[in-house]
Amino acid sequence: MKKILLIIVLMFSVNSQATIIALKFDQTEYNNNDSMTGQLVASDLSYSLGGFAGTINFDPSQLALTGWSFGNGFDDGLGSYFAADDSVAGTLYLEDFADFFADELTLVANQGTSFVLASFTFNALSSGLQTVSYLQGLEVVSLDNSQLESFAGQAVSFNVSQVPEPMSIVLLAAALVFLTRRQEG
């Protein structure tokens, strides 16, 4: 009896593959005033997603939100229902849902096993360690609304370096020219 129970538990644990939501950036190191591109990615899909909602958080004194866009995972060619709101400083609220009558086969093909939920860009305003996160509950729902998953959150940190002022570079170049000519003469 114990063996049968163990086999049943193992079958369910192997077959229950949870969706993973990851926050990714194109680099880990940036310079001040660089443009940074981040993505919210759903992967390891064990069912077709019907939509998501959540917030991206950042420090507006260090990062300026310059834009965002949504992936095509919820669009069957006739569009999806999406909304974004950045009216609260340091917060970007995103949601995107498939149309109730969307063609499921098209959505399954668009999503595959991994797809981009949303992309966003920031401009680095100051140097130092910067963090972008979705710490508040991010939720995804299945296409048939039978499964709902909430994610506790994830934070991504990266370093922003100060770029030398152009005048500093000119002074350094002038000093190198002076030293080179002095050694020649």
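No lab work stands behind these numbers, since they all come straight from the coordinates. Predicted model only: the values in this text are computed from it and were never measured. Using ideal geometry, Cβ is built from the backbone for each residue, glycine included, and neighbour counts are taken over all protein chains shown.
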In nm, to one decimal, how far is the Ser146 label point from the Asp103 one, both placed 7 Å along Cα→Cβ? 2.3
Which residues does a label at Leu78 reach in segment 102-136, if reach means a backbone N under 20 Å from a point 7 Å past the Cα toward the Cβ? 102-111
Cα-based Rg / Dmax (Å) for segment 78-121: 13.0, 39
The simple spin-label model distance between Tyr93 and Asn123, using points 7 Å out along Cα→Cβ, in nm, is 2.6
